[in-house]
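First comes the structure, then the notes that go with it.
The values are calculated or read from the model by the stated rules, or taken from the named source; none is laboratory data. From a predicted model like this one, the values you see are computed outputs, not experimental measurements. All Cβ positions, glycine included, derive from the backbone under ideal geometry; neighbour counts span all protein chains shown.
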Amino acid sequence: MSLAKTTTQDSPIKSRLGRVIFLSRWLQLPIYLGLIVVQGVYAWKFLASLYHLLTSLSDLSETDIMLSVLGLIDVVMIANLLLMVTVGGYETFVSRLRIDDHPDQPEWLDHVNASVLKVKLSMAIISISSIHLLQTFINASRMEDHTIMWQLFLHLAFLVSAAAIAFTDKLLNSTVQNAH
């Protein structure tokens, strides 16, 4: 299995350097394994928050229950983001997972690449920001106006950034398709 076709002009040093650079992608493995550990932390946080919600149910107002449920949804969405980064990033930048015939293979993994991953991640960040903003609006009477304004401003910045990423991706894809 040749990593790259060598020509008569390639020196042994250049060839070895190319292999070292290509193999350096494996330095990302500890990072992805660390993200799996972080997913475990979020699973623990979800279960602890769920336990707290269930054991405190009689003492909580409807608003407090809604805020707790939004907090649980927030944890789930962050865990989904971690999963997308871990699986999609590993598949895109390190090595194939080789799970093509597995019945549980995520549908989006078939067509994941760096561009698709960026758009999916930006959409996940907007969703997480939306949950935080909803929590803020529900809890607005207990928050300062400048905090609410900053959260709204950041959410809008996420929206503009995601639109710019999606537009740039569309331009790049149409340029590549027109070139072929």
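Search region 37-57 for residues being under 14 Å from Leu81 (Cα atoms) and of a type in the set (Gly, Ala, Ser), and hand back the single one that is surrounded by the fewest Cβ atoms within 10 Å (Cβ to Cβ).
Filtering first and then ranking leaves Gly40.
Among Ser129, Ser174, Ser161, Ser141, which is the only one that is of a type in the set (S, T, N, Q) and touching a Phe, Trp or Tyr at 6+ places or on another chain (Cβ under 6 Å)? Show your work before the answer.
Working: Ser174 fails: touching a Phe, Trp or Tyr at 6+ places or on another chain (Cβ under 6 Å); Ser161 fails: touching a Phe, Trp or Tyr at 6+ places or on another chain (Cβ under 6 Å); Ser141 fails: touching a Phe, Trp or Tyr at 6+ places or on another chain (Cβ under 6 Å).
Going through Ser129, Ser174, Ser161, Ser141 in turn, the sole match is Ser129.
When you check Leu27 against the structure, is it within 21 Å of the chain's Cα centre (by Cα) and surrounded by 14 or more Cβ atoms within 10 Å (Cβ to Cβ), yes or no? Please lay out each step first, then the result.
Numbers: within 21 Å of the chain's Cα centre (by Cα): yes; surrounded by 14 or more Cβ atoms within 10 Å (Cβ to Cβ): no.
Taking the combined requirement at face value, the residue does not satisfy it.
Tell me yes or no: at least one residue of region 9-22 is in contact (Cβ under 8 Å) with a residue 24 or more places away in the chain, of a type in the set (S, T, N, Q) and assigned to a helix (DSSP H, G or I).
Filtering region 9-22 down to residues in contact (Cβ under 8 Å) with a residue 24 or more places away in the chain leaves none.
No, that holds for no residue.
Out of (1) among the aliphatic types (A, V, I, L, M); (2) over 27 Å from Leu23 (Cβ atoms); (3) touching a Lys or Arg at 6+ places or on another chain (Cβ under 6 Å), the odd one out for Val160 is which?
(3)
Could you give me the residue pairs with C-beta distances under 9 Å whose first residue belongs to region 70-85 and is touching a residue at least 40 places away in the same chain (Cβ under 8 Å), whose second residue is not in a helix (DSSP H, G or I) wherever it lies, and which are 6+ apart or on separate chains?
Partner pairs satisfying both residue conditions: Leu83/Pro106; Met84/Pro106; Met84/Val112.
Listed here are the residues, each with its yes/no results for (1) loosely packed, with under 15 Cβ neighbours inside 10 Å; (2) not β-branched (Val, Ile, Thr).
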| site | (1), (2) |
| --- | --- |
| Thr136 | no, no |
| Arg142 | yes, yes |
| His146 | yes, yes |
| Met149 | yes, yes |
| Leu152 | yes, yes |
| Ser161 | yes, yes |
| Ile165 | no, no |
| Thr168 | yes, no |
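Return only the number of the condition from (1) over 19 Å from Ile125 (Cβ atoms); (2) polar (S, T, N, Q); (3) touching a residue at least 24 places away in the same chain (Cβ under 8 Å) that Ser115 does not satisfy.
Evaluating Ser115 over (1) over 19 Å from Ile125 (Cβ atoms); (2) polar (S, T, N, Q); (3) touching a residue at least 24 places away in the same chain (Cβ under 8 Å) leaves (1) as the failure.
Suppose we filter Leu81, Leu67, Leu29, Leu33 for residues that are more than 23 Å from Lys120 (Cβ to Cβ), out of contact with any His (no Cβ under 6 Å at 6 or more places or on another chain) and assigned to a helix (DSSP H, G or I); which single one remains?
Checking each option against the conditions leaves just Leu67.
Inside region 84-108, can you point out the residues that are outside the structural domain of Val41 (by TED's automatic domain parsing) and assigned to a helix (DSSP H, G or I)?
The answer is Glu107, Trp108.
Return yes or no: is Thr147 within 23 Å of Gly88 (Cα to Cα) and without any contact (Cβ under 8 Å) to a residue 24 or more places away in the chain?
Details: within 23 Å of Gly88 (Cα to Cα): no; without any contact (Cβ under 8 Å) to a residue 24 or more places away in the chain: yes.
Judged against the criteria, Thr147 is not a match.
Looking at Thr136, Thr175, can you tell me which residue is over 23 Å from Val75 (Cα atoms), part of a helix (DSSP H, G or I) and either touching a strand residue (DSSP E or B) at 6+ places or on another chain (Cβ under 7 Å) or not basic (Lys, Arg) (or both)? Quick ask: steps written out before the conclusion?
On the way: Thr136 fails: over 23 Å from Val75 (Cα atoms).
Selected residue: Thr175, the only one of Thr136, Thr175 that is over 23 Å from Val75 (Cα atoms), part of a helix (DSSP H, G or I) and either touching a strand residue (DSSP E or B) at 6+ places or on another chain (Cβ under 7 Å) or not basic (Lys, Arg) (or both).
Here is a list: Leu67, Leu82, Leu50. Which entry is closer than 17 Å to Asn139 by Cβ and at pLDDT 90 or above? Walk me through it before giving the result.
On the way: Leu82 fails: closer than 17 Å to Asn139 by Cβ; Leu50 fails: closer than 17 Å to Asn139 by Cβ.
None of the others qualify; the one that does is Leu67.
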